[in-house]
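Here the structure is laid out as structure tokens; the discussion comes afterwards.
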Amino acid sequence: MLAAPLKQPAALAPIQLGPGLPSLAPRDAFVAVPEIVPLTTFASLNLTDHLLKTLETQGYETPTPIQAKAIPPVLDGFDLLGCAQTGTGKTAAFSLPMIQRLMAAGRPSANGKTRRARALVLAPTRELAVQIDASLRTYGRGSRMRGAVIYGGVKQGMQVRQL
């Protein structure tokens, strides 16, 4: 199968976050996902055996185009902006390499007792936040990592305890 040629984006302007906040300069590593990509496997994306086994138990056979293009640069430590339709695997595209990098880094502590938050995922809606949390729990099963979903409109006691 042949890959469609990638169109290079026009020069990207800095992203202004808001009044009084710094602007973000776009990274050189912009990933455009063509509709047709060469057939690949999750193993060829350099995911750990732990994650490969998790994907197998979930019935994942081959990565979607967004996953095939996003996972390698995120594993290499690059920031990534990816756009794809609903249901194309965007959550796995950022979650799998994030989990792998966190597992490789080990469990840090400030004083030998206290663990710190090491990743933050922002979502525009409560429903999407809960969905992402469920996916992270599935992909991270057996990793000993923990997570919490924080949102407004509810009593904060449980959320504070989770943090």
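With both labels modelled 7 Å from their Cα along Cα-to-Cβ, the R161 to D49 distance reads 3.8 nm. A simple rule links phi to the HN-Hα coupling: the Karplus curve 6.51 cos²θ - 1.76 cosθ + 1.60 with θ = phi - 60°, which for segment 79-88 gives 6, 9, 10, x, 10, 7, 5, 4, x, 9 Hz, with x for Gly and Pro. Residue-wise HN-Hα couplings along segment 135-145, as the Karplus relation 6.51 cos²θ - 1.76 cosθ + 1.60 with θ = phi - 60° gives them from phi, are 5, 4, 5, 5, 5, x, 3, x, 8, 6, 8 Hz; Gly and Pro carry x. With a Förster radius of 35 Å applied to the C-beta separation of R146 and Q85, the computed FRET efficiency comes to 0.65.
Simple spin-label estimate for Q131 and A104 gives 2.9 nm between the two label positions (7 Å along the Cα-to-Cβ direction from each Cα). Label separation (E61 vs T41): 1.4 nm, computed from points 7 Å beyond Cα along the C-beta direction. At a Förster distance of 30 Å, what's the computed FRET efficiency of D76 paired with V154, Cβ-Cβ distance as r, to 0.05? FRET efficiency, D76 to V154: 0.20. Applying the Karplus relation 6.51 cos²θ - 1.76 cosθ + 1.60 with θ = phi - 60° to segment 119-128 yields 3J(HN,Hα) values of 8, 9, 10, 9, 10, x, 9, 4, 4, 5 Hz, where x marks Gly and Pro.
Every number in this text was worked out from the coordinates using simple rules, so none of it is lab data. The shown structure was predicted, so the numbers you read here are calculated from the model rather than taken from an experiment. All Cβ positions, even for glycine, are placed from backbone atoms using ideal geometry, and neighbour counts span all protein chains on display.
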